[in-house]
Amino acid sequence: MVRRVDYTNRRNKVLAATVAYYIRKGQPVSSQELCCAFGLSSATIRNILAELEEGGYLSHPHTSAGRIPSNKGYRYYVDFLMSVTEPPLEQKTIILEEYKNRVASLEEALEKTSEIIARRTHYASIVSFFEWGDRIFYRGLSNIIEHPEFHDVQKLTFVLKLLEERKHLLDILNQEINERLRVYIGEEMGCPDLSDTCSLVVSAYRMKNKEKGRLAVLGPRRMSYEQAASTLEFIAGTLNNVLEGF
């Protein structure tokens, strides 16, 4: 009996593994690093990686034999390959505990939320409230500095400018969200200076059954999208419950 190979499925699995490896290690991914996981020869994996590169999903740094995901590769991964599940029970318990102490005002609730998001995702957090115009809460800039993408002083300066000037950031945050989460990857943020550096994960929160603002995670394009998305979604739901009392 001839075994039929689902080449599209196999290619998707290799792309998912490549993105996951690069997110975890921050190093270009070679065929040798993937062949054991798939039980395929290095030559077969090399051919699949070459196909993905030709399709624009991976790029090939000149100084390395390995590949890294492109904006298109990350987008395909986020849209079709990753799965957003609930955070682990321990993580959820910690988040709920952090909200346990009663907050006396809306401002305190939003400030606390920005601190929790930064602490739990290990990226920068942004919290907006529509009725406060250009005022935002953000925390976790020190988390961003830890990532090698931002060791370049110029890149870090562009991030600071984005946060301080706020207008462009709020234009992104305040766009209508029809899905649970919206992810902006690299160039999709509309900041040419950060097109190969940053991504933004955005969720809406509600108060008295009306959307009142946005929660967001800002991190390197190489961020752990599943972890950031699942954590942000759970925090948004928790904040909705907290704001029922206001």
Could you please find all residues in segment 36-47 being surrounded by 14 or more Cβ atoms within 10 Å (Cβ to Cβ) and under 24 Å from R221 (Cβ atoms)?
I45
What is the one condition in (1) loosely packed, with under 14 Cβ neighbours inside 10 Å; (2) under 24 Å from M223 (Cα atoms); (3) of a type in the set (D, E) that E33 does not satisfy?
(1)
Residue pairs meeting the criteria (Cβ under 9 Å; at least 6 apart or on separate chains; first loosely packed, with under 12 Cβ neighbours inside 10 Å, in segment 48-69; second of a type in the set (K, R) and not in a helix (DSSP H, G or I))
P61/R67
Those helices (runs of 4 or more DSSP H) lying entirely in segment 138-246 with at least 3 residues without any contact (Cβ under 8 Å) to a residue 12 or more places away in the chain:
153-165
Looking at segment 64-105, which of the residues that are of a type in the set (S, T, N, Q) and under 21 Å from the mean Cα position of the chain (by Cα) is farthest from Q32 (Cα to Cα)?
Q91
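Residue by residue, here is whether (1) at pLDDT 95 or above; (2) of a type in the set (S, T, Y); (3) surrounded by 21 or more Cβ atoms within 10 Å (Cβ to Cβ) holds:
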residue: F129; (1), (2), (3): yes, no, no
residue: P148; (1), (2), (3): no, no, no
residue: R166; (1), (2), (3): no, no, no
residue: N174; (1), (2), (3): no, no, no
residue: N178; (1), (2), (3): no, no, no
residue: D196; (1), (2), (3): no, no, no
residue: V202; (1), (2), (3): yes, no, yes
residue: L232; (1), (2), (3): yes, no, yes
If you scan segment 9-30, which residues turn out to be surrounded by fewer than 17 Cβ atoms within 10 Å (Cβ to Cβ), under 15 Å from Y77 (Cβ atoms) and out of contact with any helix residue (DSSP H, G or I) (no Cβ under 8 Å at 6 or more places or on another chain)?
N9, R24
Candidate set from segment 73-108 (those that are of a type in the set (A, V, I, L, M) and not in a helix (DSSP H, G or I)); member that is surrounded by the most Cβ atoms within 10 Å (Cβ to Cβ):
M82
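The values are calculated or read from the model by the stated rules, or taken from the named source; none is laboratory data. Keep in mind that this is a model prediction, so the values were computed, not measured. Cβ sites come from the backbone with ideal geometry, for glycine too, and all protein chains shown count toward neighbours.
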